[in-house]
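Report on the structure given below.
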Amino acid sequence: MKPGRTAVGLLVTIVLVLVANTPGPARAETARIETVRSATKTAPKTATSCDDTDPTSCLLPWPNDQFTRADPSTPTGRRLALPRSVMPANKSGVRIDPAEWNRNDGFSPASNLVAVIRGVDPGASKLPPVTGIAKSLAADSPVVLVDLTTGKRVPAWAELDAHATDDAKRALLIVPATSLAEGHRHAVGLRGLVRADGSKIAPSRSFVMLRAHPTAEQRRWLRGLAKAGAPAKQLTLAWGFTVASARSLSGRLRSMWDATRSSLGSGAPAFTVTSATPTGPMTVVRGTLAMPRYLSGTGGPGSVLNNAGNPNGIPKRNGTMPADFLCTVPASATADKPARMLLYGHGLLNSRDEALDIGKVAATVNVGFCATDYLGMSSADVATVIREFQDLTRFRTQPDRMQQGHLAFLLLGRLLRSARGFATAAPFKGADGRPVIDTTKLALLGASEGGILGGAASSLTKDWDQVVLAVGGLGYNLLLPRSVDFDKFEQGFRTNYPDELDRVLALELMEQLWDRGENAGYAQHLVARPYPGSVAKSVLQLEAFGDHQVANVSTEKLARTLGIARRAPTLAPGRSTDIEPQWGIPAIPSLPATGSALVVWDFGTPAPPVTNTANRGGDDPHGKLGDETRALTMLVAYLNTGQLIDVCAAGPCRTPGP
């Protein structure tokens, strides 16, 4: 379950080389760029381009319907209209081209809400902390986040960006504790904000004017906040925004799979086995499968979806391309006792070969794996990722390739399930010619990065109905600042985007496109409300308490979004700093239990920090679940029976055990 350390190490090397050898602008040019940027932020702003209620940056507060336009052709009736003149700029003064962003009909359901409130003291203002999410729903909460479509309050926490060095640009982040509902309009209001000395923070002149003379849309969300208990006269700052629709978030990949599935019928794609090598307790089978190419050119690293001219981004087929696969077939498998097969989603910037290690262990219990690469987030994409961090206009190449990679996983699943798939090839058959793999059922196990991406393909298919998301989560904008893995990117990111507030906004902008390839864009249809042509999945989430790489807050945000329950007792008393650990995730009454679940495992790592920074205390537990026999026993039982069993003697799951 460990992410790819080799790929990450390679990434560090390339980042350092590229940063060292990328020529920077001369001092005079740097001064010119900063002068232009400063002038842009202080010059008079028009209502069509900026929201002056937060004068720190044109794009604040974020996300904001100020940067949308009416479009009756979209499910939300809106479309993003981000002007390039106000987008974050790199060190050469090149601003992000918003063309790809402006295809969206709303903002990410994983959005953090961002504003700069100079001098605000979270403690003195009684802002709801990450350790006390329930406080955000109190009648007197200083943060009121409301779903205007339903009229219901949305739980959230508030935090100042701990990575900032300039208090004048230190972002206040309002983090929804669950994904924001697709296609719904939302509003957030802040009130009762004070400085450390208790002095009140007054609303900006622009916001006072907005309260007095709101537009029709502003009046709508002000009324929504008032109904939720936050009348306009109390508000220091407020704004409204629209969350993207399901069509905008997942429509590209769903159209790709719908067309592919239709062409296959009940059959499987063409494939070629290139090698079958006995290795210890298993045979390692390598080969390629043929998949429709929806990327431009050859579909290699740096390519984008073949969707030029389509306002909604739906791509057209561009021939066929191969996807490499690897399978492990247990030597013990027979036609009478066929191997249970799983799809495996690899870790950070790694490859299908990561399945070899877990395959050796699984083969001893007659379980096999098949894996392909997460295109866009694999070892082959490392150099492209680095170029993206130099100029984020290029960033769309990553989620575009990710969607093609998910199509490969969907086809790999079909090859495992169809009688016309792998079951017809010699390495998957016994001496009597009968298949030694079980084609009647299938599950996906995604680990680390695979636990962040694995919900995407899983939400679209009937070929498997069980999903294990190990040490995963959703929302890279939430994850990266809290991950030690981001250390490898941060130097290059800081060098190329020197304005620290721009970097906060850049991560939010990246998430608007990342949604298309990670759990954030699909989770609302994974356990409930399945997409047409799919089925609801049973999901087992595994969390390593104090994880250094995938923050627990992200794992638990995914659990709340999925609406699943947790194994209890979850942690020993005093282990968590939260007022109510795993708030909003109900306890499973008793075990064994059927259905989806979150299991938290404690390896003794110190509790995570209460700021948006990575946990660096103790040993990183991120990869330790793969070495815990009881966790593997629990996993096998879940896959075989669909039930979560008790392997922790009715106490919290921890290593060393009780």
Test for D485: is it of a type in the set (D, E, K, R), touching a residue at least 24 places away in the same chain (Cβ under 8 Å) and out of contact with any helix residue (DSSP H, G or I) (no Cβ under 7 Å at 6 or more places or on another chain): no
Matching strands (runs of 3 or more DSSP E) fully within the range 261-372 where at least 1 residues are in contact (Cβ under 8 Å) with a residue 60 or more places away in the chain, surrounded by fewer than 23 Cβ atoms within 10 Å (Cβ to Cβ) and among the small types (G, A, S): 271-279
R516 in a helix (DSSP H, G or I), on the phi < 0 side of the Ramachandran plot and in contact with a Lys or Arg (Cβ under 8 Å, 6 or more places away or on another chain): no
Failed item in (1) more than 27 Å from A156 (Cβ to Cβ); (2) in a strand (DSSP E or B), with V539 passing the rest: (1)
Qualifying position, being touching a Gly at 6+ places or on another chain (Cβ under 9 Å), of a type outside the set (D, E) and within 28 Å of L80 (Cα to Cα), among R195, R220, R205: R220
Residue match in the range 34-57 (condition: modelled with pLDDT under 95, among the hydrophobic types (A, V, I, L, M, F, W, C) and either surrounded by 18 or more Cβ atoms within 10 Å (Cβ to Cβ) or in contact with an Asp or Glu (Cβ under 9 Å, 6 or more places away or on another chain) (or both)): yes
Residue among S73, S111, S125 that is more than 24 Å from the chain's Cα centre (by Cα), closer than 27 Å to D400 by Cβ and in contact (Cβ under 8 Å) with a residue 24 or more places away in the chain: S73
Qualifying residue in the range 427-435 (condition: within 21 Å of L343 (Cα to Cα) and aliphatic (A, V, I, L, M)): no
Search result, residues across the range 574-591 that are on the phi > 0 side of the Ramachandran plot and either in contact (Cβ under 8 Å) with a residue 40 or more places away in the chain or surrounded by fewer than 12 Cβ atoms within 10 Å (Cβ to Cβ) (or both): G574, G584
Qualifying residues in the range 138-150 (those that are outside any loop (DSSP other than H, G, I, E, B) and in contact (Cβ under 8 Å) with a residue 40 or more places away in the chain) - the one farthest from A246 (Cα to Cα): V143
Which numbered condition G224 misses (of (1) under 16 Å from L237 (Cα atoms); (2) within 28 Å of the chain's Cα centre (by Cα); (3) not aromatic (F, W, Y)): (2)
Residue in the range 598-606 that is crowded, with 16+ Cβ neighbours inside 10 Å, touching a residue at least 24 places away in the same chain (Cβ under 8 Å) and among the small types (G, A, S) present: no
Selection count, the range 399-428, where residues are farther than 30 Å from E100 by Cα and in contact (Cβ under 8 Å) with a residue 24 or more places away in the chain: 13
So W601, is it outside any loop (DSSP other than H, G, I, E, B) and over 19 Å from the mean Cα position of the chain (by Cα): yes
Number of the condition not met by K135 [criteria: (1) part of a loop (DSSP other than H, G, I, E, B); (2) surrounded by fewer than 23 Cβ atoms within 10 Å (Cβ to Cβ); (3) in contact with a Leu (Cβ under 9 Å, 6 or more places away or on another chain)]: (1)
Residue in the range 78-91 that is touching a strand residue (DSSP E or B) at 6+ places or on another chain (Cβ under 7 Å), charged (D, E, K, R) and within 30 Å of Q491 (Cβ to Cβ) present: yes
All helices (runs of 4 or more DSSP H) inside the range 402-497 with 3 or more residues being within 30 Å of L509 (Cβ to Cβ) and at pLDDT 95 or above: 449-458, 476-479
Residue within the range 553-563 that is under 17 Å from T131 (Cα atoms), surrounded by 23 or more Cβ atoms within 10 Å (Cβ to Cβ) and either in contact with a Pro (Cβ under 7 Å, 6 or more places away or on another chain) or charged (D, E, K, R) (or both) present: yes
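The values are calculated or read from the model by the stated rules, or taken from the named source; none is laboratory data. Note that the structure is a prediction, hence the values are computed from the model and not measured. No Cβ is skipped: glycine too gets one built from the backbone with ideal geometry, and neighbour counts run over all protein chains shown.
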